[in-house]
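The values are calculated or read from the model by the stated rules, or taken from the named source; none is laboratory data. What you are looking at is a predicted structure, and each value in this text was computed from that prediction instead of being measured. Neighbour counts run over all protein chains shown; Cβ positions are idealised from the backbone, glycine included.
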């Protein structure tokens, strides 16, 4: 992954180029080895007035000479994991041997308020956004309801941010490397009550890329590093607007995607050693912990408060710093999560490496949960 | 496919819903039969301020209850065929049994000039569009150079538009059903010299959807209608900007995609009985005829002038009316082309049906040719 942050001096294509080339160098492959490119990007159209970014990135990483197919996919904040999943399916099915999956977003070429407007386009424009709702205010309603139903506290929500910043402080590529205390989060300005500014993931630029290969090909290129395979990949949908759901304290699409991913991998939530989850807002992380089966329904608040998600906890969450501290370029998030988990499983994360993890999980979310994508990774 | 045109009374989701539901009814399948949804859309972000349209369409066609995965893909004007190809690969590889592939675009909620701006975002924003180039002016340069190198005439270019309008007049769902004569085209205002207004495909709303199934499943659902299979599918890339190419009188990505598609189908250009090609501008159609192997390099002008592309010609081109007359909602074009070819092969096109076609081809293009996608369809 590239540095995440406010990358004033770098354009979208520079970021995509750096991510793609770095992944190719890391894997020791050349452009002749690549069968296809998958690009995750949420909204280059609105952020930088550029569509057709699949072809653009293929061109800039030097793949246009070989005319390989390039596929841009989009599912709001889950665009990165969607690219990962499409690339994975193309290899698992035998269509391709080696693919590059990259994701990038350049958010800071527009004003912060415009960036939030654009992020909100992953909710329902006609029935939510047009009437003034933003992604933040929709999640705020979910948070308020979760507090009402389950007694979740402001402190428990804030603890998610504290955890992410603690981990992010150890990640040199994170957007924010400052640690925060509970009182900082609880003292930060209200974004949409009960959510405070330090509970909302930032507007970030950044890119990430991974190389996927069939097991045979991966053996060829792995060198002396542990081989990591994707043993489960699943995607599920839900209604795009909150009002159409029977309840909004559950991420039903996440629960469905997790159920399928666990089934395909032959594993359960208990087998996961480390997870990267979608904390675009603190409440999203709490609901994800429940939907993924890590915490019981309604008990995610205490679960976090007890320190289960710490690097030395029962299930380390977001060692990268998560969306809150590592940063949130929507097209890149799902792929950066995968890069973090692979690095964790290889033991390449230094101070923030979880102790000897064997199985990792990534969870990426679009909108208020209309799309969820879950991947499970295992050391072979 | 839905009616194409200026659909003032219908929203993007209405159009997507109609296309998806019509395809399901036509195929006799219900939502329980569907494994996944693929959605082609170029720029809902800029046209209607809505991203995450994969989830949106899944929701509105009633698939959110079953939580099936929905994948939105984008490749400029080739977004529709890209969805078709991703859906096809998912079935051909055995991942899915039955998928819905839909495409839609709602272009008329913005001004005409804004629509051309947005279409131009499929070219290179930083190195072409920022400096004033539009998709029209880039194609105009290609046309001028083709005229210079090969003696292609304004009349030959205009003949492409005459052909499309003739065919479109027989298509009840076409955006334009008026016939035009050569003098109308040549007398229409200059858009970007040498291209005239009647040589440029319009700004259209519209949607289209097809159901893809494994051969086993297709046998189950086909009823008493001929079964049509996809025997070739290929995609190729080129540089996103014109200036980076060694020449711009060739659509190299189209040539590469066609070569691969013919190879997979075990066919050559001579085996094609009917084709839907990407005439976003008249020059694009001429260059496509050459890249697809229908006309010799530099000879597409005379080829069209001699009437080869007519319904009773040696190779009928765009019986639907093409992008020029049927209309050009970018996300839907590639899928409407497939729907037309399938209807042609089934003999369901009435007056505009080519005589007993057995093999059809679709050609869909993004930008100035940075993405090309070719599909070959055969009656089983």
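When you look at residue B:155, is it more than 22 Å from residue B:242 (Cα to Cα) and away from chain A (no Cβ under 14 Å), yes or no?
When the stated conditions are applied, residue B:155 passes them.
Working only within the stretch A:65-85, note down all residues that are closer than 19 Å to residue A:13 by Cα, facing chain B (nearest Cβ under 7 Å) and in a loop (DSSP other than H, G, I, E, B).
Those that are closer than 19 Å to residue A:13 by Cα, facing chain B (nearest Cβ under 7 Å) and in a loop (DSSP other than H, G, I, E, B): A:67, A:68, A:69.
Residue A:236 passes all but one of (1) within 12 Å of another protein chain (Cβ to nearest Cβ); (2) free of Cβ contacts under 8 Å to residues at least 40 places away in the same chain; which number fails?
Unmet condition: (2).
Which condition number does residue A:36 fail, the rest of (1) more than 16 Å from residue B:253 (Cβ to Cβ); (2) in contact (Cβ under 8 Å) with a residue 40 or more places away in the chain being met?
Condition not satisfied by residue A:36: (1).
For the stretch A:168-192, name all the residues that are more than 18 Å from residue A:329 (Cα to Cα) and crowded, with 19+ Cβ neighbours inside 10 Å.
Within the stretch A:168-192, A:170, A:180, A:185, A:191, A:192 qualify.
Among B:269, B:265, B:370, B:285, which is on the phi < 0 side of the Ramachandran plot, surrounded by fewer than 19 Cβ atoms within 10 Å (Cβ to Cβ) and over 11 Å from the mean Cα position of the chain (by Cα)?
The unique qualifying residue is B:269.
If I filter the stretch B:369-376 for residues that are outside any strand (DSSP E or B), farther than 22 Å from residue B:270 by Cα and modelled with pLDDT of 95 or more, do I get at least one hit?
yes
Return the residue satisfying two criteria in turn: it lies in the stretch A:86-102 and is farther than 23 Å from residue B:68 by Cβ and outside any loop (DSSP other than H, G, I, E, B), and of such residues it is nearest to the chain's Cα centre (by Cα).
Here the residue is A:102.
One residue is enough: does the stretch B:327-336 have a residue meeting the conditions in contact (Cβ under 8 Å) with a residue 24 or more places away in the chain, surrounded by fewer than 19 Cβ atoms within 10 Å (Cβ to Cβ) and part of a loop (DSSP other than H, G, I, E, B)?
The answer is no, given that none of the residues of the stretch B:327-336 is in contact (Cβ under 8 Å) with a residue 24 or more places away in the chain, surrounded by fewer than 19 Cβ atoms within 10 Å (Cβ to Cβ) and part of a loop (DSSP other than H, G, I, E, B).
I need a count of the residues in the stretch A:345-367 that are buried (at least 24 other Cβ atoms within 10 Å of the Cβ) and farther than 28 Å from residue B:71 by Cα.
So the count comes out to 1.
Quick one: in the stretch A:106-116, which of the residues that are in a loop (DSSP other than H, G, I, E, B) and either within 17 Å of residue B:69 (Cβ to Cβ) or within 18 Å of the chain's Cα centre (by Cα) (or both) is nearest to the other protein chains (Cβ to nearest Cβ)?
Applying the filter and picking the extreme gives A:106.
Considering each residue of the stretch B:288-320, count those that are under 15 Å from the mean Cα position of the chain (by Cα) and assigned to a helix (DSSP H, G or I), and give that number.
2
Out of the residues in the stretch B:1-19 meeting the condition of being part of a helix (DSSP H, G or I) and more than 14 Å from chain A (Cβ to nearest Cβ), tell me which one is nearest to residue B:333 (Cα to Cα).
B:19
Just to be sure before I move on: is residue A:253 under 20 Å from the mean Cα position of the chain (by Cα), surrounded by 23 or more Cβ atoms within 10 Å (Cβ to Cβ) and more than 14 Å from chain B (Cβ to nearest Cβ) in the structure I sent?
No: the conditions fail for residue A:253.
Filtering the stretch B:239-250 down to residues that are more than 9 Å from chain A (Cβ to nearest Cβ) and assigned to a helix (DSSP H, G or I), which residue is farthest from residue B:362 (Cα to Cα)?
Here the answer is B:243.
Assuming residue B:103 fulfils every condition listed in (1) facing another protein chain (nearest Cβ under 10 Å); (2) within 25 Å of residue B:375 (Cα to Cα); (3) crowded, with 22+ Cβ neighbours inside 10 Å apart from one, which condition is it?
(1)
Confirm whether residue B:42 is in contact (Cβ under 8 Å) with a residue 40 or more places away in the chain, part of a helix (DSSP H, G or I) and farther than 17 Å from residue B:173 by Cα.
no
Name the single residue, out of those in the stretch B:56-73 being touching a helix residue (DSSP H, G or I) at 6+ places or on another chain (Cβ under 7 Å) and within 21 Å of residue B:329 (Cα to Cα), that is surrounded by the most Cβ atoms within 10 Å (Cβ to Cβ).
B:56
If you check residue A:62 against the conditions, is it touching a residue at least 12 places away in the same chain (Cβ under 8 Å), in a helix (DSSP H, G or I) and more than 9 Å from every other protein chain (Cβ to nearest Cβ)?
no
So in the stretch B:37-47, with the set limited to residues that are more than 7 Å from chain A (Cβ to nearest Cβ) and touching a helix residue (DSSP H, G or I) at 6+ places or on another chain (Cβ under 6 Å), which one is surrounded by the fewest Cβ atoms within 10 Å (Cβ to Cβ)?
Residue satisfying both the conditions and the ranking: B:37.
Would you please list the contacts, defined by Cβ atoms under 8 Å and residues six or more apart or on different chains, that run from a residue in the stretch B:94-122 that is more than 20 Å from residue B:54 (Cβ to Cβ) to a residue that is in a strand (DSSP E or B) and at pLDDT 95 or above?
Close Cβ pairs satisfying both conditions: B:108/B:205; B:119/B:77.
Okay, residues lined up against (1) farther than 30 Å from residue A:17 by Cβ; (2) assigned to a helix (DSSP H, G or I); (3) at pLDDT below 95; (4) under 20 Å from the mean Cα position of the chain (by Cα):
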residue: A:158; (1), (2), (3), (4): yes, yes, no, yes
residue: A:161; (1), (2), (3), (4): yes, yes, no, yes
residue: A:166; (1), (2), (3), (4): yes, yes, no, yes
residue: A:170; (1), (2), (3), (4): no, no, no, yes
residue: A:180; (1), (2), (3), (4): yes, no, no, no
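Could you tell me whether any residue of the stretch A:299-314 is closer than 27 Å to residue B:71 by Cβ and either crowded, with 24+ Cβ neighbours inside 10 Å or more than 14 Å from every other protein chain (Cβ to nearest Cβ) (or both)?
Looking through the stretch A:299-314, none of the residues is closer than 27 Å to residue B:71 by Cβ and either crowded, with 24+ Cβ neighbours inside 10 Å or more than 14 Å from every other protein chain (Cβ to nearest Cβ) (or both).
Could you go through the stretch B:128-141 and let me know if any residue there is touching a helix residue (DSSP H, G or I) at 6+ places or on another chain (Cβ under 7 Å), part of a loop (DSSP other than H, G, I, E, B) and closer than 30 Å to residue B:61 by Cα.
So far as the stretch B:128-141 goes, no, none of its residues is touching a helix residue (DSSP H, G or I) at 6+ places or on another chain (Cβ under 7 Å), part of a loop (DSSP other than H, G, I, E, B) and closer than 30 Å to residue B:61 by Cα.
Within the stretch A:207-220, track down each residue that is more than 14 Å from chain B (Cβ to nearest Cβ) and touching a helix residue (DSSP H, G or I) at 6+ places or on another chain (Cβ under 6 Å).
A:207, A:208, A:209, A:210, A:211, A:212
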